[in-house]
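Student: Take this structure, written in structure tokens, and hold onto it; I'll ask about it next.
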Amino acid sequence: MSVERLAELLVERQPCVVLTGAGISTESGIPDFRSPTGIWRQFDPAEVATIDAFLANPEKVWEFYGARLGLLADVEPNDGHRTLADLEARGLVLAVVTQNVDGLHRKAGTREIVEVHGSLANAVCLEDGTRVPADEVELPVPRCPRCGSVLKPGVVMFGEYLPEEALEKARRLARDAGLLLVVGSSLEVYPIAALPEETLAFGGAVAIVNRGSTSWDGQAEVVVDAGAGETLRRLAELVA
Ligand code: NAD
């Protein structure tokens with residue numbers, strides 16, 4: 001199946017909502033989680049990415065996220081992020097729902113973004129909800145400037161609920177989408193992996209741009225197994 005067919009769908013099945021995962025950011029140098037070079041081949045998520053691990057040993061968890069923050073300071077959006085911002089500006093993308101916590105869609109200029117797994121851009125106090133910008137966080141164990149409790153990275157950890165407002169907005173967008181375009185996600189992490197079901201149930205179509213297969217490939221109108229940057233760039237040219 002082809003990018004040409006994807007371009008037809010993008011024009012015919014408006015509005016288009018894009019769902020992105022870690023695969024759109026690998027070309028910026030940020031490893032994904034589950035592929036052979038992914039983060040979970042190096043770290044055990046049970047030790048660094050669960051809320052229980054954080055409560056038991058915040059210093060160890062902050063060591064992991066501190067390293068990720070250091071990496072993020074130097075990364076830039078790639079063609080994939082930039083093309084989605086361009087398509088939004090041209091009225092062909094309504095919103096980007098992202099599982100990523102790296103802030104690169106915002107940096108690329110996308111305006112309508114739903115960050116369903118939170119963001120590394122800030123840390124949050126579990127006691128009083130205070131948010132502190134990441135560049136003001138002091139390691140090894142940052143504390144709330146108001147109440148002194150330990151701050152948690154502003155991302156959703158395993159064992160935590162997703163932010164209700166963001167999740168509801170993502171579901172609404174998926175239901176209203178004429179086309180849900182999934183980019184760079186293995187679609188293994190629920191409840192976000194269920195968004196294609198919402199789109200299909202309400203008569204929309206699903207398209208997938210991802211290296212490797214996903215469990216939704218069989219129900220997608222188009223599947224492009226290729227790099228996100230080159231595929232989106234070509235897509236934008238075809239609809240110019
Ligand atoms: P995932 O690792 O499960 O899947 C990423 C998919 O993208 C894989 O199928 C991989 O083969 C594919 N891929 C890798 N590079 C690609 C490229 N250049 N072009 C096209 N496809 C490519 O990631 P997911 O589905 O996003 O899983 C969700 C979890 O990953 C979320 O919890 C999210 O917060 C987290 N995560 C985020 C970041 C980030 O913010 N950049 C990085 C790692 C993980």
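The values are calculated or read from the model by the stated rules, or taken from the named source; none is laboratory data. Quick caveat, the model's predicted, so the values are computed rather than measured. Every residue, glycine among them, receives a Cβ derived from its backbone with ideal geometry; neighbour counts consider all protein chains shown. For the accessible areas, the whole protein counts, side chains as well, though only heavy atoms, and no ligand, DNA or RNA atoms are used. Shrake-Rupley method; radii C 1.70, N 1.55, O 1.52, S 1.80 Å.
Student: I'm checking my understanding of the structure. Among residues of segment 101-147 that are of a type in the set (Val, Ile, Thr) and farther than 28 Å from TYR190 by Cα, which one is surrounded by the fewest Cβ atoms within 10 Å (Cβ to Cβ)? Full working, then the answer.
Tutor: So in segment 101-147, the residues of a type in the set (Val, Ile, Thr) come out as 101, 110, 113-114, 116, 124, 130, 132, 137, 141.
Add one more test, that the residue is farther than 28 Å from TYR190 by Cα, and what stays is 137, 141.
Details: VAL137: 19, VAL141: 15.
Checking each candidate, the answer is VAL141.
Student: Give just the number: which of (1) in a loop (DSSP other than H, G, I, E, B); (2) at pLDDT 95 or above; (3) open to solvent by 30 Å² or more (accessible area, probe 1.4 Å) does GLU237 not satisfy?
Tutor: Every listed condition holds for GLU237 apart from (1).
Student: Right, here's the next one. Being open to solvent by less than 40 Å² (accessible area, probe 1.4 Å), assigned to a helix (DSSP H, G or I), within 12 Å of the ligand (Cβ to nearest atom) and modelled with pLDDT under 90, is that true of even one residue in segment 30-43? If you could, list the steps in order and put the result at the bottom.
Tutor: So in segment 30-43, the residues open to solvent by less than 40 Å² (accessible area, probe 1.4 Å) come out as 30, 32, 35, 38-39.
Now drop any that are not assigned to a helix (DSSP H, G or I), which leaves 39.
The next check asks that each one be within 12 Å of the ligand (Cβ to nearest atom); those that pass are 39.
When the remaining residues are screened for being modelled with pLDDT under 90, the result is 39.
Yes: segment 30-43 contains one or more residues that are open to solvent by less than 40 Å² (accessible area, probe 1.4 Å), assigned to a helix (DSSP H, G or I), within 12 Å of the ligand (Cβ to nearest atom) and modelled with pLDDT under 90.
Student: With the requirement that a residue be of a type in the set (Gly, Ala, Ser) and either crowded, with 17+ Cβ neighbours inside 10 Å or in contact (Cβ under 8 Å) with a residue 12 or more places away in the chain (or both), what does segment 182-198 give you?
Tutor: If we filter segment 182-198 for residues that are of a type in the set (Gly, Ala, Ser), which is where we start, we get 184-186, 193-194.
Within segment 182-198, GLY184, SER185, SER186, ALA193 meet the criteria.
Student: Look through segment 44-71, keep the residues that are in a loop (DSSP other than H, G, I, E, B) and either away from the ligand (no atom under 12 Å from the Cβ) or among the acidic types (Asp, Glu) (or both), and return whichever of them is nearest to PRO196 (Cα to Cα). Even if it seems obvious, please write down each step before you answer.
Tutor: Step one: filter segment 44-71 for residues in a loop (DSSP other than H, G, I, E, B), giving 44, 49, 57.
Okay, now just the ones that are also either away from the ligand (no atom under 12 Å from the Cβ) or among the acidic types (Asp, Glu) (or both), so 44, 57.
Details: ASP44: 29, ASN57: 36 Å.
Applying the filter and picking the extreme gives ASP44.
Student: Going by the conditions given, is ALA201 away from the ligand (no atom under 11 Å from the Cβ), modelled with pLDDT of 95 or more, of a type outside the set (Phe, Trp, Tyr) and crowded, with 16+ Cβ neighbours inside 10 Å?
Tutor: Values: away from the ligand (no atom under 11 Å from the Cβ): yes; modelled with pLDDT of 95 or more: yes; of a type outside the set (Phe, Trp, Tyr): yes; crowded, with 16+ Cβ neighbours inside 10 Å: no.
No.
Student: Counting just the residues of segment 206-234 that are open to solvent by less than 30 Å² (accessible area, probe 1.4 Å), part of a helix (DSSP H, G or I) and not hydrophobic (A, V, I, L, M, F, W, C), which one comes out nearest to ARG5 (Cα to Cα)?
Tutor: Here the residue is THR231.
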